[in-house]
1. Return the pair list, or none, for Cβ contacts closer than 8 Å from residues in segment 264-292 that are under 25 Å from residue 178 (Cα atoms) and touching a residue at least 60 places away in the same chain (Cβ under 8 Å) to residues that are of a type in the set (Lys, Arg) and buried (at least 16 other Cβ atoms within 10 Å of the Cβ), at least 6 apart or on different chains.
2. How many residues does segment 175-219 contain that are part of a helix (DSSP H, G or I) and open to solvent by 20 Å² or more (accessible area, probe 1.4 Å)?
3. Of the conditions (1) more than 30 Å from residue 56 (Cα to Cα); (2) loosely packed, with under 14 Cβ neighbours inside 10 Å, residue 81 satisfies every one except a single condition; which number is it?
4. Would you mention how many residues in segment 220-251 are in contact with a Pro (Cβ under 9 Å, 6 or more places away or on another chain) and either assigned to a loop (DSSP other than H, G, I, E, B) or small (Gly, Ala, Ser) (or both)?
5. Whether any residue in segment 88-107 is under 30 Å from residue 188 (Cβ atoms), open to solvent by 50 Å² or more (accessible area, probe 1.4 Å), more than 27 Å from the chain's Cα centre (by Cα) and among the polar types (S, T, N, Q) is what I want to check.
6. Enumerate the pairs (first residue in segment 97-116 and touching a residue at least 24 places away in the same chain (Cβ under 8 Å); second residue anywhere and surrounded by 10 or more Cβ atoms within 10 Å (Cβ to Cβ)) with beta-carbon separation below 6 Å, excluding pairs fewer than 6 apart on the same chain, so at least 6 apart or on different chains.
7. Against the condition modelled with pLDDT of 80 or more, at positive phi and surrounded by fewer than 15 Cβ atoms within 10 Å (Cβ to Cβ), how does residue 278 come out, does it pass?
8. Which is closer than 24 Å to residue 274 by Cβ and of a type outside the set (A, V, I, L, M), of 223, 192?
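The values are calculated or read from the model by the stated rules, or taken from the named source; none is laboratory data. Every value quoted in this text rests on a predicted model; they were computed, and no experiment measured them. Quick reminder, even Gly has a Cβ in these numbers, built from the backbone with ideal geometry, and neighbours come from all protein chains shown. Calculation scope for accessible area: heavy atoms of the full protein, side chains included, ligands and nucleic acids excluded. Shrake-Rupley method; radii C 1.70, N 1.55, O 1.52, S 1.80 Å.
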Amino acid sequence: MRLKYNSNDMYLFLLDTLNNCIEKYIPSIIVSDTNKKRNICLPKRALKVLKKKHRAWQRFLETRNGQKYLEYARLRNQVRSETRKAKRQLEKEIALTAKDNPQRFWRYATSKSKVKERISELYKNSQKDLAQTDLEKAEVLADFFTSVFTCEPVGPINEVPPRSNAMIKEIEITPEIVYKKLKALNVNKSYGPDELHPRVLKELAEVVCEPLAKIYTATLKTGIFPLIWRDANVTAIFKKGDKKEPGNYRPVSLTCITCKIMESIIRDGIIDHMKRQKLFSKRQFGFINGRSTTLQLLHVLDKWTEIIDRGGSIKVAYMDFRKAFDKVPHRRLLMKSSVVWHSRGNIKVDRKFACKQKAKSCGKWGEIKLESSYQRYPTRFSVGTNPLCALYQ
């Protein structure tokens with residue numbers, strides 16, 4: 001079946017339509033300066049007392065009467081009491097919703113900090129020349145982030161013997177599946193390069209689920225991704241050590257919400273196939289439902305306790321994959337993945353997406369484009385490290 005429009009054209013049309021509706025029907029506000037002190041929302045009763053306090057102060061300035069000042073002082077103390085009460089209520093509300101809305105908690109905590117964290121001057125080279133402007137900082141970070149990627153040689157890759165002869169079922173993306181994913185979106189998350197907010201998608205789930213399902217299906221059939229899905233907004237987060245050293249920052253990327261939904265649907269199909277075919281090792285933990293790293297810790301502690309009770313000794317070797325997600329070679333991982341789930345169609349799409357993705361380092365400190373991917377791929381990583389579990393013995 002030949003599609004009249006590719007997924008890129010379809011997504012651009014949907015995006016343009018939604019943006020027009022957002023501009024027409026969703027009210028906008030003018031955001032004040034972020035450096036300005038945030039005021040606490042007071043109840044109506046406290047606002048009335050606040051107005052009375054202002055009037056009492058004006059009357060005192062006009063008359064310089066001691067009785068007027070006492071009236072002002074009484075209202076001032078009452079306003080202070082109401083303000084403190086409102087602040088306690090606000091902090092209690094933020095604390096209770098911290099798990100569901102951590103951004104609100106950290107925004108409030110940051111507003112109380114006297115030291116505002118920004119990316120400091122960075123070393124540009126071994127001579128420790130400093131990058132001072134925002135654009136220079138972005139270029140230094142971009143060069144470092146791309147330097148950690150694994151550069152694979154051009155040519156054929158050694159084949160890996162198949163682990164299962166079962167073919168993965170064709171992933172069918174229906175409007176019902178997309179609707180469930182849209183309704184499960186966290187509206188407190190940030191949007192990606194397409195600036196399509198998750199709240200808009202969640203509220204319009206019944207309307208956009210069908211066009212999105214058609215776009216996802218067209219993407220799987222043609223292997224052509226919308227170009228904007230290959231972009232990512234990247235922010236550098238400081239880890240530890242010298243703040244002037246670029247290696248002490250890690251990139252965090254924000255991709256399009258609609259792209260993440262499609263990734264989630266494909267992931268569900270892959271994980272379901274691997275579970276049915278028992279392709280996950282029993283020693284594989286992390287990125288799998290019911291197999292968390294906390295459960296792994298409890299399992300290991302149980303084994304160690306059993307050995308110690310028998311009078312035995314324990315020797316432990318720890319391995320840490322430095323910048324593991326960034327150093328995973330995409331070509332080899334995709335080839336290994338094809339051995340696991342035997343579906344060349346989806347792998348073709350996956351390869352186009354993984355190998356051609358761009359990232360944009362942007363923010364208050366600068367902007368620059370990179371021809372590499374900062375994406376985190378937990379499912380791919382768990383597939384790639386699954387054979388390492390055999391080393392446990």
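1. Qualifying pairs under 8 Å: 264/181; 265/181.
2. 17
3. Against the list (1) more than 30 Å from residue 56 (Cα to Cα); (2) loosely packed, with under 14 Cβ neighbours inside 10 Å, residue 81 comes up short only on (1).
4. 3
5. yes
6. 101/188; 103/188; 104/94; 111/38
7. Yes; evaluated as a whole, the condition is true for this residue.
8. The unique qualifying residue is 223.
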